[in-house]
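To keep things clear, I will list the structure first and then write my remarks on it.
The values are calculated or read from the model by the stated rules, or taken from the named source; none is laboratory data. Keep in mind it's a predicted model, so treat the numbers as computed, not measured. We place every Cβ from the backbone using ideal geometry, glycine too, and count neighbours over all the protein chains shown. All accessible areas refer to the heavy atoms of the entire protein, side chains included, with ligands and DNA or RNA removed. Shrake-Rupley method; radii C 1.70, N 1.55, O 1.52, S 1.80 Å.
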Amino acid sequence: HQDHVADMIADPSAPEVSRRIRADLAQVDLDLVERLMRGEGLAVQRDGHVEPADVLPWTYACSPEAVACRKEGLELLERGKVAAVMVAGGQGSRLGHDGPKGCVRATPLERKSLFRVFSEQVLALSRRTGRDIPWFIMTSRENDAPTRAFFESNGFFGLNASAVHFFVQGMFPSLSLDGKFLLSSEGGVFLNPDGHGGVFRALRISGCLDLMRDMGIEEIFTFQVDNPLVKVCDPLFIGLHHRRGAQISSKVVRKTSFDEKVGVIVKQGARTFLVEYSDMDDTLRYATAPDGTMLHWAGSIAVHVIDRVFAEHVASRDGALPYHRAVKTIRAMGPDASIVTVDGVKFETFIFDALPLARTSVTLEVLRAEEFAPIKNATGNDSLESSRALQVARHVSWLTSAGVRVADGVAVEISPLFAYDADDLMTKRSSLPDVISRDTYFG
Ligand code: UTP
């Protein structure tokens with residue numbers, strides 16, 4: 001039922017259009033498209049009773065076991081058993097930034113790009129552990145070239161370039177509401193990035209999973225490009241996940257309100273999974289514990305550690321992750337090559353859908369002020385402005401714990417190369433002033 005496309009492929013008067021459509025369709029799993037249109041392979045809401053997930057509270061970080069986990073995590077890093085994977089594809093439509101999201105100048109004083117923030121973290125940890133941490137960066141078809149060019153023109157921010165690996169995520173066609181392929185304004189088939197869950201398949205197809213296996217990688221630390229407060233390859237989290245023999249582990253923060261738009265980690269029987277904000281019905285969203293507090297408070301910050309063998313398993317079952325279907329307004333090419341706005345269906349997969357596939361999973365609470373300041377929107381909540389303010393607040397709190405007084409209204413920024421966390425900063429106390437009364441960068 002795709003005669004409109006078949007006709008264009010066959011049209012001898014437009015060879016370039018025909019070539020583009022054929023090239024685009026060559027990437028598409030047509031059987032899968034058909035199955036999805038029939039309603040197979042789609043994410044479904046779970047029926048039945050769900051309970052809050054078992055979450056280790058943030059105070060766990062101060063427990064004796066946490067000391068052992070941190071040590072184990074550091075040892076794994078030192079032995080080269082851990083890779084970092086950053087998902088940096090997608091479209092960034094809400095932010096509306098021109099170019100890769102990772103190029104956004106995120107930090108409060110130095111205006112460092114997100115790519116630089118994470119590079120400095122990886123570099124700091126590589127120095128601390130005495131070996132390069134292999135870092136895999138997922139781009140999209142659209143932002144791959146500018147992302148690579150950005151790293152190259154910045155000398156990989158001091159990292160060993162051979163330890164940084166880029167791979168491109170897959171694309172998936174958006175369809176009209178009655179299941180027809182749409183055409184893009186450039187004349188090919190309208191495709192969209194296949195969601196961050198595409199990371200498993202893209203790691204496999206690009207050969208990165210094989211490379212990880214050959215390198216002896218055991219654990220994969222995954223995070224998103226738009227949260228500058230991620231503690232990349234946090235040794236505690238890696239060690240905890242590893243000691244407990246988990247297949248995929250997640251970090252969560254306490255939701256600020258019942259209506260905060262984050263997915264929540266829950267469990268049903270032995271399986272842990274994430275309920276997206278948009279899929280939460282009121283009973284779940286407003287459920288309270290006997291003491292009246294929020295029952296489902298464990299908001300995911302999309303930071304995971306994934307066992308490499310488990311990642312291979314998810315990647316090998318082609319299409320195993322269910323697809324989420326969303327109706328979006330799409331600017332497509334209409335008849336007579338005019339641009340038209342139509343309602344279309346976009347399909348994506350999400351990393352968190354690997355959670356219920358796992359036999360064992362650990363969920364760790366972390367403090368929002370320490371680890372979560374996403375940049376999603378152009379203004380308001382989760383914007384560049386709100387994130388910069390949260391970055392300042394974190395660094396003020398590190399300095400305050402080190403006994404430094406920071407005057408009100410003063411902004412501070414600490415490079416990961418200066419201090420990785422509050423404890424690390426404490427070791428530098430003798431090089432810090434007692435009072436900070438103007439904006440200061442520690443680099
Ligand atoms: P978001 O869900 O915020 O999507 O991505 P987005 O494409 O960046 O932005 P919007 O929704 O269009 O406004 C969360 C993380 O997942 C990555 C993004 O780069 C970001 O780090 N992502 C998202 C991908 O790598 N690929 C995708 O297809 C979607």
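Structure notes:
- Residue within the range 399-410 that is touching a residue at least 12 places away in the same chain (Cβ under 8 Å) and on the phi > 0 side of the Ramachandran plot present: yes
- Test result for GLY96, assigned to a loop (DSSP other than H, G, I, E, B), touching a residue at least 60 places away in the same chain (Cβ under 8 Å), within 16 Å of the ligand (Cβ to nearest atom) and open to solvent by 30 Å² or more (accessible area, probe 1.4 Å): yes
- Elements of type helices (runs of 4 or more DSSP H) in the range 1-85, at least 1 residues being over 30 Å from ALA422 (Cα atoms) and open to solvent by 80 Å² or more (accessible area, probe 1.4 Å): 3-10, 15-26, 30-37
- Within the range 105-122, the set of residues being hydrophobic (A, V, I, L, M, F, W, C) and open to solvent by 10 Å² or more (accessible area, probe 1.4 Å) comprises LEU109, VAL117.
- Near pairs, Cβ below 8 angstrom, 6+ apart or cross-chain, from the range 210-227 (over 21 Å from LYS112 (Cα atoms)) to any residue that is in a helix (DSSP H, G or I) and of a type in the set (Phe, Trp, Tyr): PHE221/PHE237
- Only one of the numbered conditions (1) touching a residue at least 12 places away in the same chain (Cβ under 8 Å); (2) among the charged types (D, E, K, R); (3) more than 25 Å from LYS81 (Cβ to Cβ) is violated by ARG111, and that is (1).
- Residue under evaluation ILE330, criteria (1) closer than 19 Å to ALA84 by Cα; (2) touching a Phe, Trp or Tyr at 6+ places or on another chain (Cβ under 8 Å), criterion not met: (1)
- Yes/no for LEU25 being in contact with a helix residue (DSSP H, G or I) (Cβ under 9 Å, 6 or more places away or on another chain), over 27 Å from THR349 (Cα atoms) and aliphatic (A, V, I, L, M): no
- For the range 276-316, filtered to residues that are under 18 Å from the mean Cα position of the chain (by Cα), part of a strand (DSSP E or B) and away from the ligand (no atom under 16 Å from the Cβ), the residue that is farthest from GLY80 (Cα to Cα) is ALA298.
- For the range 210-240, filtering for residues that are under 12 Å from ARG308 (Cβ atoms) and under 18 Å from the mean Cα position of the chain (by Cα) leaves 4.
- Pick from the range 372-411, criterion closer than 20 Å to GLU110 by Cβ and within 16 Å of the ligand (Cβ to nearest atom), ranking: farthest from the chain's Cα centre (by Cα): SER386
- Looking at ALA61, ALA88, ALA83, just one residue is within 16 Å of the ligand (Cβ to nearest atom) and within 25 Å of the chain's Cα centre (by Cα), and that residue is ALA88.
- For the range 284-308, a residue qualifies if it is without any contact (Cβ under 8 Å) to a residue 60 or more places away in the chain and surrounded by 11 or more Cβ atoms within 10 Å (Cβ to Cβ), and the qualifying residues are ARG285, TYR286, ALA287, THR288, ALA289, MET294, GLY299, SER300.
- Scanning the range 123-154 for residues that are open to solvent by less than 10 Å² (accessible area, probe 1.4 Å), part of a helix (DSSP H, G or I) and either within 15 Å of the ligand (Cβ to nearest atom) or closer than 27 Å to ASP194 by Cβ (or both) turns up THR147, PHE151.
- Inter-residue pairs, beta-carbon under 8 Å, first at positive phi and in the range 156-169, second within 16 Å of the ligand (Cβ to nearest atom) and open to solvent by 30 Å² or more (accessible area, probe 1.4 Å), 6+ apart: PHE157/ARG116
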